[in-house]
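Participant: Encoded as structure tokens, here's the structure I'll be asking about.
Where a number appears in this text, it was derived from the coordinates with a stated rule and is not lab data. Fair warning: this is a prediction, and the values are worked out from it, not measured in the lab. Cβ: placed from backbone, ideal geometry, glycine included. Neighbour counts: every protein chain shown.
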Amino acid sequence: MSRELSLEKYRNIGIMAHIDAGKTTTTERILYYTGVSHKIGEVHYGTATMDWMEDEQERGITITSAATTCSWKEHRINIIDTPGHVDFTAEVERSLRVLDGAIAIFDAVSGVEAQSETVWRQADKYRVPRIAYVNKMDRAGADFERVMAMMVERLGAKPVAIQLPVGIEEQFTGVIDLVEDQMVIWDGDDKDAKFEVTPISDEYREAAAEAREHMMETLAELDESLLEDYLENGELTKDQIYAGLRKITLELKGCPVLCGSSFKNKGVQSLLDAVAHYLPSPADIGTVTGHNLDYSESVVRKVADDEPFSALVFKIASNQYGDLAYIRVYSGTLKSNEKVYNVAKERSERIGHFFQMHANKQTEVKEVRAGDIVAVTGFKNVVTGDTICDPAAPLLLERMDFPNPVIHVA
Ligand code: GDP
């Protein structure tokens, strides 16, 4: 059986934020828009409020699961719950390890706060590519530029604004998309509010041209091949900008920055587009490195279906189906009811069923492949941090004396 979706279309991401920056609200909106994306752009005045209430009650729309699968424009997005602890806990580190990219959310008024610094540095340590989202643009005192400056000063980051806010505070109505060179304006604050994509209005033309120029210059500074094209042609094509932004994100040289107001339902769809455009797929990660049982040799696996199976258990949770083990599959394939080897426990186990966890339901899948994140039933003896793998090709993905890092991405 071949893949239903190519590995390049997967995004395994986390959302990191200082408490109160809007992680919950943004996540809820992501689940809403990925669940009802067919409605976007249509207006449902009149019965709309009722529709949303019923929708939300039915969907129980907050993340209650360690990983939630949703889809956006042909991409499968697995959102891994990143605990917001300030401490360097094993749980935070492990969650950073199983994701390939992240959204860092900042509050447009308070900007980079102490806790955002801690998480940012943890993400640096695990080389997690990031895009940034400046939320709460509707609040009094919101300042997009100041947050960008704080990212430089406090985080040593290289922010690259790919949007400009249109209006501020109460008047925040949309964004200028600097890559597409157009305006996106919302008509109202509701979740299903219609939005218009138009050429940039006269009022914003100059500011947008300047910001666009600045974006291209920054890209050229961060990447030599782009610099050549930029110097030769005086600008970059849209394709070059997309590819350049993706490249500097993956190489951790720069961080595309967007803005919005999740609460007012503005900006989250663009954020999802940016996840698809700029954050890596498991294929970009390329290889995963573990060790043999006595740590005397390292074992390198390609992130591919035709490699021996390997996966890391990153969370154990219970629900109505019993104990669930959340796993990130790094290589190979595995069917439900097959046997796997737990290296740390030195024993084989027959697993039960695989489930993809969605905002409102779980769907059973019969087979998992490299890049997948699923919940598994049937394990008798696993703990978080265990590696499960093909008995014929054992490896350890995490040291048993965790938290020393073992997984390296190339
Ligand atoms: P978390 O602690 O990061 O998960 O933050 P929440 O999503 O719970 O948001 C914290 C508070 O900020 C809540 O009262 C939200 O309603 C509010 N909030 C979230 N996003 C926005 C926004 O875009 N604008 C405004 N004005 N408030 C927001």
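Participant: What do you get for Rg/Rh over the range 263-405 if you use C-alpha atoms and the Kirkwood form of Rh?
Facilitator: 1.01
Participant: Can you say what percent of the DSSP beta bridges in the chain, counting only those with both residues inside, are antiparallel? Round to 5.
Facilitator: 70
Participant: So what's the angle, to the nearest 10 degrees on a 0 to 90 scale, between helix 202-222 and the longest Cα principal axis of the chain?
Facilitator: 40
Participant: Compute the relative contact order of the range 139-204 as a whole-number percentage, counting only Cα pairs closer than 8 Å that sit 6 or more residues apart in sequence.
Facilitator: Result for the range 139-204 is 20 percent.
Participant: Which pairs in the list Lys23/Lys125; Lys194/Lys264; Lys191/Lys266 are over 19 Å apart, alpha-carbon to alpha-carbon?
Facilitator: Pairs exceeding the cut-off: Lys23/Lys125.
Participant: Would you work out the charge dipole size for the chain about its Cα centre, treating the Cβ of every Lys and Arg as +1 and the Cβ of every Asp and Glu as -1, and quote it to the nearest 20 debye?
Facilitator: The calculation lands at about 1680 debye.
Participant: Which length gain, in nm to one decimal place, applies between Asn381 and Asp323 when the Cα-Cα distance is subtracted from 0.36 nm times their residue separation?
Facilitator: Here the segment from Asn381 to Asp323 would lengthen by 19.8 nm.
Participant: Further question on the same structure: Would you give the gap between the C-alpha center of the range 1-36 and the C-alpha center of the range 106-173, rounded to a whole Å?
Facilitator: 19
Participant: Among the lysines, which have Cα under 21 Å from the Cα of Lys366 when same-chain residues fewer than 8 positions away are ignored?
Facilitator: Once the sequence-local lysines are set aside, what remains near Lys366 is Lys9, Lys315, Lys335, Lys339, Lys380.
Participant: Another question, then. Normalise the Cα radius of gyration of the range 328-374 by 2.2 N^0.38 Å (N = residues in it) and let me know the number.
Facilitator: This ratio for the range 328-374 stands at 1.23.
Participant: If one takes the longest principal axis of the Cα atoms in the chain, at what angle in degrees, from 0 to 90 and to the nearest 10, does the Cα axis of helix 114-125 lie?
Facilitator: The angle comes out at about 60 degrees.
Participant: May I ask which residue of Ile241, Thr173, Gln356 lies farthest towards the positive end of the charge dipole of the chain, with charges of +1 (Lys, Arg) and -1 (Asp, Glu) on Cβ and the Cα centre as origin?
Facilitator: Gln356
Participant: Shifting gears a bit: Taking the simple approach of a point 7 Å from Cα along Cα-to-Cβ for both Arg347 and Lys73, what is their distance in nm?
Facilitator: Rounded to a tenth, the inter-label distance reads 4.8 nm.
Participant: How big is the equivalent ellipsoid of the chain along its three axes, where each semi-axis is √(5λ) from the Cα gyration tensor, reported in whole Å from largest to smallest?
Facilitator: Those come to 37, 25, 19 Å.
Participant: With just the Cα atoms defining each centre, how far is the range 264-297 from the range 307-356? Give it in Å.
Facilitator: Taking the Cα centre of the range 307-356 as reference, the centre of the range 264-297 is 20 Å away.
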